[in-house]
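The values are calculated or read from the model by the stated rules, or taken from the named source; none is laboratory data. For clarity, every value in this text was computed on a predicted model and none was experimentally measured. Neighbour counts run over all protein chains shown; Cβ positions are idealised from the backbone, glycine included. Each accessible area value is taken on the protein alone, full model and side chains, heavy atoms only, with ligands, DNA and RNA left out. Shrake-Rupley method; radii C 1.70, N 1.55, O 1.52, S 1.80 Å.
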Amino acid sequence: SILQNFEDQQRKIKENADEILAENRNLRIGIIGQVKAGKSSFLNALIFDGEDVLPHAATPMTASLTKIVYAKEPYAKVVYFSNDDWNIVKNRAERYDIELNRKMREWEENYRRNQETKSLKERAKKIVSDTTMEYYHSRDLYEKRVKNEIDDRIKAFKEIYEIASKSNISPNEVLETEKTVSITDIKNDLANYVGADGTYTPFVKYIELGINNDMLSKGIEIVDTPGMGDPIISRGEATKNFLMKCDLVFILSPSPQFLNKDDIELKKNILPQDNIQHAVLLGTKFDSVLLDDSSRNRVSLHHVIGTTISKLNNQAQKALSSALHVAGNNAKALKRLQEQKPQYISALLYGAGKKIYN
């Protein structure tokens, strides 16, 4: 298995090197960020002049790895999970149920013991009370707490498995396959494959989207990655493999919670360490964070923008320094980010501005 893994890595390196060194190849741009970081809005601004064309992922597990390329006739190539991928999803979803049931059994035993002790005291005082409502209320509160404490990666598998169980598609119909569909309306036509309620959404590994777009026709292709450190290993590996071939990576983080712990973990886990030629850190939803400045009604917008950018830059430096201190030499990509200042954007205001301009 060690030799096989070595051969696989060697083959990937050769394939990537051949692609990177190829003459007249496309400029490859990668997009990284958590769900709700504003990736779809950013891409809609970048490619479609702010029009709401690309679908927005509702949750991390419905966020699909999407490669966007130029095509004269629009299409979408949908690649589904393998059987091994799906077995991992199923096993981890079962682990979620086992963990939840174990915790709830422990709670039931503790609650029963407490009630027995309480009823002895009540009998001594000749007090009788109905504890049914108290039982269900306490149980619900504890169950919510347990669900919040279960590891997010295990929760993600449970989520995707539940979506699949509600679908009228059997996994055996699509696993180990891929298909190409024609596209006339991107948002509606892709909803069945990447939307939260899409029939095929839980089974999709990644999508290649070909669109007739002026910017892409100039030799640009874009990789939009899932919004988390992907718990599905093969999809995570596919993401890293795509990113390894990128010339430029945009790393998005919402300005109101700029570079929080989850963002830092995502960057450490998903960025190939030595292959990123250039990375730009983008603070999205910049319009929202400007509203948090208490002085905004007394000073100019220009002043508020300046002080807000300074505050966010300091925040970014602290977060990256802390991450690098922990990661050491294993996070060269983070070191590159620390060497430059972030940029700040508002896709919402850009879209509004384009609409006024048009």
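Sorting check: for 207-217, 288-298, which peptide has the highest mean count of neighbouring beta carbons within 10 Å, and how do the rest follow? Don't jump to the answer; show the numbers that get you there.
Values: 207-217: 16.6, 288-298: 12.8.
Going by the mean number of other Cβ atoms within 10 Å, highest first, we get 207-217, 288-298.
Going by average Cβ neighbours within 10 Å, how do the peptides 25-38, 338-351 rank, with the highest at the top?
Working: 25-38: 21.1, 338-351: 16.9.
The peptides rank, most packed first, as 25-38, 338-351.
Give me the accessible area of LEU46, 1.4 Å probe, in Å² rounded to the nearest 10.
Approximately 60 Å² for this residue.
Say each of HIS137 and ASP151 gets a label point 7 Å from the Cα, pointing the same way as Cα to Cβ; how far apart are those two points in nm?
So the label points at HIS137 and ASP151 sit 3.6 nm apart.
What is the distance, in nm, between label points placed 7 Å from the Cα along the Cα-to-Cβ direction at LYS218 and at TYR75?
Calculated label separation equals 2.6 nm.
Would you please state which residues of region 138-168 a label at GLN115 would reach in this model, taking the label point 7 Å out along Cα→Cβ and a backbone N cut-off of under 13 Å?
Zone members listed by number: 138-140.
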